[in-house]
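**Q** Mind looking over this structure? Questions follow.
The values are calculated or read from the model by the stated rules, or taken from the named source; none is laboratory data. These figures come from a predicted structure and were not determined experimentally. Neighbour counts run over all protein chains shown; Cβ positions are idealised from the backbone, glycine included. Note: areas computed on protein heavy atoms with side chains; ligands, DNA, RNA excluded. Shrake-Rupley method; radii C 1.70, N 1.55, O 1.52, S 1.80 Å.
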Amino acid sequence: MTSHPVLPVLDDLARVIAATTSRQDPAPTPCAGLDVVSLRRHLRGGIGYFTVVLADPDGDERPDPRAWTGPDDADALVEAITELSAVVRAALADGVETAAVRVPALGGTFPGGQVLSMLVAETVVHGWDIARATGQAWRPDPAASQRAYALLADRVRPEYRGGPGMPFAPEVPVRPDAPALDRLLGFAGRSPSWTPAPTPRTEGGRPGRPDRP
């Protein structure tokens with residue numbers, strides 16, 4: 001039976017997405033500037049991109065993962081994740097890990113094993129973003145987090161961080177002996193201790209606007 005660390009991560013991501021509610025759509029996430037629905041839309045574009053490139057590794061058809069304009073509800077994303085899982089299994093059975101895969105949106109052509117590690121990084125980090133924003137558990141296999149960390153540490157350069165339009169925020173310092181997930185999150189520009197800000201309360205005990213200076 002063909003397996004890979006990304007498959008259980010995709011299963012966990014589908015579980016977390018399926019458990020979100022429309023009331024949580026405007027909730028902030030640890031991914032700077034993105035609320036839950038915006039991050040879900042970002043994930044939908046990325047999931048669709050990986051589905052296309054892994055189904056046709058040397059093909060010319062490559063969508064723009066940033067230009068997703070279709071449905072962005074939770075059910076649509078869960079369906080897309082399920083489709084990607086099936087494509088990953090088929091690709092693994094066809095030996096994609098040693099094949100050359102064209103991923104121009106991610107910088108060129110890479111061995112399939114490295115492309116799968118890119119997918120692990122995308123799903124582990126953004127799965128944590130969604131889970132943390134919506135109060136859900138997120139406990140990926142430490143081996144998956146370590147795999148993602150190794151890939152990012154090898155590929156992310158300082159000039160990719162912090163500026164307008166850059167894909168990564170500045171690195172957050174994390175203890176070198178911290179769990180693999182925390183080290184991955186810190187490298188990806190997240191504080192592992194991030195929690196949503198408490199909802200301000202009015203005198204009557206209902207949510208209200210924060211005090212203005």
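**Q** Can you give the three extents of the C-alpha atoms in the stretch 99-181 along their principal axes, from longest to shortest, in whole Å?
**A** 37, 30, 27
**Q** Another question, then. Can you find, among L185, P111, A93, the residue farthest towards the positive end of the dipole of the chain? Put +1 on the C-beta of Lys and Arg, -1 on that of Asp and Glu.
**A** L185
**Q** Tell me the per residue accessible area of the chain using a 1.4 Å probe; a whole number in Å² is fine.
**A** Here the per-residue accessible area is 54 Å².
**Q** Related question: About its Cα centre, how strong a charge dipole does the chain have in debye, to the nearest 20, once Lys and Arg get +1 and Asp and Glu get -1 at the Cβ?
**A** 820 debye
**Q** Okay, moving on. Leaving out ligands, DNA and RNA, what percent of the accessible area of the chain is carbon and sulfur, probe 1.4 Å?
**A** It is 52 percent, rounded to a whole number.
**Q** Let me ask you something else. Given a Förster distance of 45 Å, report the FRET efficiency between D64 and A143 from their Cβ-Cβ distance, rounded to the nearest 0.05.
**A** E(calc), rounded to 0.05, equals 0.90.
**Q** Sticking with this one: Work out from phi, with θ = phi - 60° and the Karplus expression 6.51 cos²θ - 1.76 cosθ + 1.60, the ³J(HN,Hα) of each residue of the stretch 60-67, listed in order in whole Hz, and give x for Gly and Pro.
**A** Those phi angles translate into 8, 6, 9, x, 8, x, 8, 10 Hz.
**Q** Also, I was wondering about something else. Expressed as a rounded percentage, what relative contact order does the chain have, with Cα pairs under 8 Å and six or more residues apart?
**A** Answer for the chain is 21 percent.
**Q** Give me, ordered by chain and number, the residues 5 or more places off T109 or on other chains with an amide H under 5 Å from its own placed amide H.
**A** Those lying under 5 Å, H to H, from T109 are V103.
**Q** Can you compute 3J(HN,Hα) from phi for each residue in the stretch 6-11, using the Karplus curve 6.51 cos²θ - 1.76 cosθ + 1.60 with θ = phi - 60°, rounded to whole Hz and x for Gly and Pro?
**A** Each residue's phi maps through the Karplus curve to give 5, 5, x, 5, 4, 4 Hz.
**Q** Compute the Cα gyration tensor for the stretch 1-69, then decide on rounded, prolate or oblate, letting a ≥ b ≥ c be the square roots of its eigenvalues: rounded whenever a/c is under 1.5, prolate when a/b is larger than b/c in the other cases, and oblate in all that remain.
**A** The shape class here is oblate.
**Q** Is the chain rounded, prolate or oblate when judged by the Cα gyration tensor, a ≥ b ≥ c being the square roots of its eigenvalues, rounded requiring a/c under 1.5 and prolate requiring a/b larger than b/c?
**A** prolate
**Q** For the chain, what is the mean residue ellipticity at 222 nm derived from helices alone (per DSSP H run of n ≥ 4: -39500 (n - 2.57); sum divided by total residues; nearest 500 deg cm²/dmol)?
**A** The per-residue figure over the chain is -15000 deg cm²/dmol.
**Q** Stretch A99-E159 to full length: gain in nm at 0.36 nm per residue minus the Cα-Cα span?
**A** Computed gain between A99 and E159 is 18.7 nm.
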